[in-house]
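For reference, the structure discussed in these notes is given below.
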């Protein structure tokens with residue numbers, strides 16, 4: 001081979017070598033963009049570390065999202081709205097067992113009971129506002145400051161409240177009521193269920209029901225409501241443990257302003273007895289669509 005031929009052959013070999021993809025060692029120093037062309041055995045640890053790091057970052061982002069969502073839900077629950085389920089018949093015919101209601105938290109301001117578990121972070125109320133007579137109110141039961149109760153606010157501070165022969169009296173004046181149905185219906189004990197339209201001082205009108213005169217709380221002493229307290233009654237007058245019964249009688253007694261949680265605003269959903277979260281069929285078979293989105297008065 002001549003010198004010229006040898007030179008040409010060497011040049012051709014160098015060009016061929018430069019056009020081939022290099023085989024990287026298994027020390028992991030292959031650049032990221034060449035991983036697909038690197039032999040499997042030669043792919044380094046760098047790529048695996050990157051994958052692990054990416055998964056870790058994704059987990060952190062998921063945790064952050066969950067935490068932020070919970071914080072937002074907590075703020076909304078404390079400051080704006082709180083849901084409740086009606087557990088009994090004490091507010092019939094306006095609220096039925098199984099109604100799912102929403103309570104506005106800002107209506108009366110905020111106390112420690114606006115926060116879950118009622119931590120003793122402060123006393124009294126901040127941004128407090130006077131509730132109106134006739135409001136349907138959710139409050140903490142005074143005798144334990146834990147149990148949620150719902151009743152209608154009947155007596156304001158300074159009022160004198162009394163039941164006389166099944167007629168509500170406020171400040172020594174009988175409250176106007178008009179019977180709208182009588183003994184066409186009966187309760188489980190066979191007692192007639194009477195419904196009436198009652199109008200409180202101030203003009204708030206709503207429907208009540210009872211079983212007629214002669215029942216346990218149809219005649220009471222005079223209750224004088226002191227400053228900072230409220231007198232509550234159920235709309236189902238003869239089937240409600242309320243302020244007509246004192247704490248020593250396992251009743252509600254007078255309710256301190258600090259115990260008010262909020263004002264019941266609307267029925268979102270409603271199910272009849274027997275509906276269960278764990279029984280999806282009951283979500284449809286036990287539903288009461290006629291009560292959905294009912295504004296409370």
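The values are calculated or read from the model by the stated rules, or taken from the named source; none is laboratory data. Just so it is clear, the model here is predicted, and its values are computed rather than measured. Every residue, glycine among them, receives a Cβ derived from its backbone with ideal geometry; neighbour counts consider all protein chains shown.
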Give the residue that is surrounded by the fewest Cβ atoms within 10 Å (Cβ to Cβ), with candidates limited to residues of the stretch 243-259 that are in contact with a strand residue (DSSP E or B) (Cβ under 7 Å, 6 or more places away or on another chain) and in a loop (DSSP other than H, G, I, E, B).
254
Could you tell me which of the residues 137, 178 is closer than 18 Å to residue 235 by Cα, buried (at least 16 other Cβ atoms within 10 Å of the Cβ) and touching a strand residue (DSSP E or B) at 6+ places or on another chain (Cβ under 8 Å)?
137
Matching residues in the stretch 269-287 - criterion: being within 23 Å of residue 207 (Cα to Cα), in contact with a strand residue (DSSP E or B) (Cβ under 9 Å, 6 or more places away or on another chain) and at pLDDT below 95:
269, 271, 272
Residue in the stretch 205-215 that is in the same structural domain as residue 149 (by TED's automatic domain parsing), at pLDDT 95 or above, loosely packed, with under 15 Cβ neighbours inside 10 Å and closer than 21 Å to residue 178 by Cβ present:
yes
Is there a residue being under 20 Å from residue 134 (Cβ atoms), over 19 Å from the mean Cα position of the chain (by Cα), surrounded by 22 or more Cβ atoms within 10 Å (Cβ to Cβ) and in the same structural domain as residue 156 (by TED's automatic domain parsing) anywhere in the stretch 260-275?
no
Do the conditions hold for residue 192, that is, is it more than 21 Å from residue 229 (Cα to Cα) and at pLDDT below 95?
yes
Within the stretch 64-76, identify whether any single residue is within 26 Å of residue 294 (Cα to Cα), exposed (fewer than 12 other Cβ atoms within 10 Å of the Cβ) and not assigned by TED's automatic domain parsing to the domain that holds residue 199, and answer yes or no.
yes
Just give me the residues in the stretch 276-289 being part of a strand (DSSP E or B) and either more than 20 Å from the chain's Cα centre (by Cα) or closer than 12 Å to residue 85 by Cβ (or both), in sequence order.
279
Pair list, Cβ < 8 Å and 6+ apart or interchain, from the stretch 230-241 residues that are within 13 Å of residue 136 (Cα to Cα) to residues that are assigned to a helix (DSSP H, G or I) and modelled with pLDDT of 95 or more:
230/257
Can you pull out the strands (runs of 3 or more DSSP E) entirely within the stretch 67-186 that have at least 3 residues that are at pLDDT below 95?
81-85, 176-181
